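Engineer: Have a look at this one before I ask anything.
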Amino acid sequence: MKNFENRHREKFIRILSKELHEFDQPNILEFGVSNKALSTSIFLEICEKKNGKLFSIDVINYNYHFNSNKWFFLNCRDDDYELIEKKIPPTFDIIYLDTIHTAKHVRKILYHYFNKLKVGGVFVIDDTSLLPYLKNREKNNFSLEINNNETFEMLLEVCNSNPHTIYLEASFIGTGAVKLTKLTKDELKYNKLINTRKFSLLNFVRKIYLFFRKK
């Protein structure tokens, strides 16, 4: 468990190092707290140092974790939009999603809340790597392998559909994370399947050429 916590912290700090260092008085929206509250504790530490505010949301009541005037906890689902939007500010510097790890749910939350990011702000999605869940790896879990891979592919589609609106960066430390940086005020266009040439005739010919070239 300690190794997991160390990897999670390392991943978290690395993918958000620029933002945690540069943002002043940050407004942060966090979906998912957990019993350990690892991410929450890092966010709250930054908010207390830089006079920011952290809004955390979870279906389990984790209100007991911290006693700080910089932390605001809401005990509800991440898609209880009506309740949440009555309690949160209009814009954020960082939005962090770590709740239901399916492509469908991540897509729903991303498209609903992305317009609340300031330009230059980031939307981070946790658990986007299939690697630790592969067969014979340390977490070996079929459902999480497939879910994480589908989520990652969906986020690539979002990036490909919005090349001038966002940057996409990914970490494969631990269970992985993807960071989307907002570049403009434009709304996100809905993702479309990426039409690659992997199964094209041209690639088939290329593979035959490479196969015989080795001989």
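The values are calculated or read from the model by the stated rules, or taken from the named source; none is laboratory data. The structure displayed is predicted, hence computed values, not measured ones. For neighbour counting, all protein chains shown are included, and Cβ atoms are generated from backbone atoms with ideal geometry for every residue, glycine included.
Engineer: Give the residue, chosen from Lys50, Lys87, that is over 25 Å from Arg14 (Cα atoms) and in contact with a Phe, Trp or Tyr (Cβ under 8 Å, 6 or more places away or on another chain).
Structural biologist: Lys87 is the lone residue from the list that is over 25 Å from Arg14 (Cα atoms) and in contact with a Phe, Trp or Tyr (Cβ under 8 Å, 6 or more places away or on another chain).
Engineer: Okay, moving on. What pairs can you find where one residue is in the stretch 81-93 and hydroxyl-bearing (Ser, Thr, Tyr), the other is modelled with pLDDT of 95 or more and part of a helix (DSSP H, G or I), and their Cβ atoms are less than 6 Å apart, with a gap of 6+ or different chains?
Structural biologist: Thr91/Lys116
Engineer: In the stretch 29-39, is there at least one residue being over 24 Å from Glu187 (Cα atoms) and in a helix (DSSP H, G or I)? Write out each step before concluding.
Structural biologist: Step one: filter the stretch 29-39 for residues over 24 Å from Glu187 (Cα atoms), giving 32-39.
With the extra rule that they be in a helix (DSSP H, G or I), the set shrinks to 38-39.
Yes, because at least one residue in the stretch 29-39 is over 24 Å from Glu187 (Cα atoms) and in a helix (DSSP H, G or I).
Engineer: If I ask for residues that are hydroxyl-bearing (Ser, Thr, Tyr), in contact with a helix residue (DSSP H, G or I) (Cβ under 9 Å, 6 or more places away or on another chain) and either buried (at least 19 other Cβ atoms within 10 Å of the Cβ) or over 21 Å from Asp78 (Cα atoms) (or both), which ones from the stretch 17-45 would you list?
Structural biologist: Within the stretch 17-45, Ser39 is the sole residue that qualifies.
Engineer: Pick from Glu30, Glu48: which is among the charged types (D, E, K, R), closer than 20 Å to Ile88 by Cβ and in contact (Cβ under 8 Å) with a residue 60 or more places away in the chain?
Structural biologist: That would be Glu30, the only listed residue that is among the charged types (D, E, K, R), closer than 20 Å to Ile88 by Cβ and in contact (Cβ under 8 Å) with a residue 60 or more places away in the chain.
Engineer: For the subset of the stretch 178-207 comprising residues that are β-branched (Val, Ile, Thr) and surrounded by 10 or more Cβ atoms within 10 Å (Cβ to Cβ), which member is farthest from Thr128 (Cα to Cα)?
Structural biologist: It comes out as Val205.
Engineer: Next question. Is there a residue being touching a Gly at 6+ places or on another chain (Cβ under 8 Å), surrounded by 15 or more Cβ atoms within 10 Å (Cβ to Cβ) and more than 23 Å from Asp186 (Cβ to Cβ) anywhere in the stretch 148-158?
Structural biologist: yes
Engineer: Would you check which residues across the stretch 46-104 are surrounded by 18 or more Cβ atoms within 10 Å (Cβ to Cβ), among the basic types (Lys, Arg) and not in a loop (DSSP other than H, G, I, E, B) and list them?
Structural biologist: Lys53
Engineer: Do we have any residue at all in the stretch 76-84 that's within 16 Å of the chain's Cα centre (by Cα) and modelled with pLDDT under 95?
Structural biologist: Scanning the stretch 76-84, I find no residue that is within 16 Å of the chain's Cα centre (by Cα) and modelled with pLDDT under 95, so the answer is no.
Engineer: Further, regarding this structure: Suppose we keep only residues that are small (Gly, Ala, Ser) and at negative phi within the stretch 105-132. Which one would you say is surrounded by the most Cβ atoms within 10 Å (Cβ to Cβ)? Show your work before the answer.
Structural biologist: Narrowing the stretch 105-132 to residues small (Gly, Ala, Ser): 120-121, 129.
Now narrow it down to the ones that are at negative phi: 121, 129.
On the way: Gly121: 22, Ser129: 24.
So the residue we want is Ser129.
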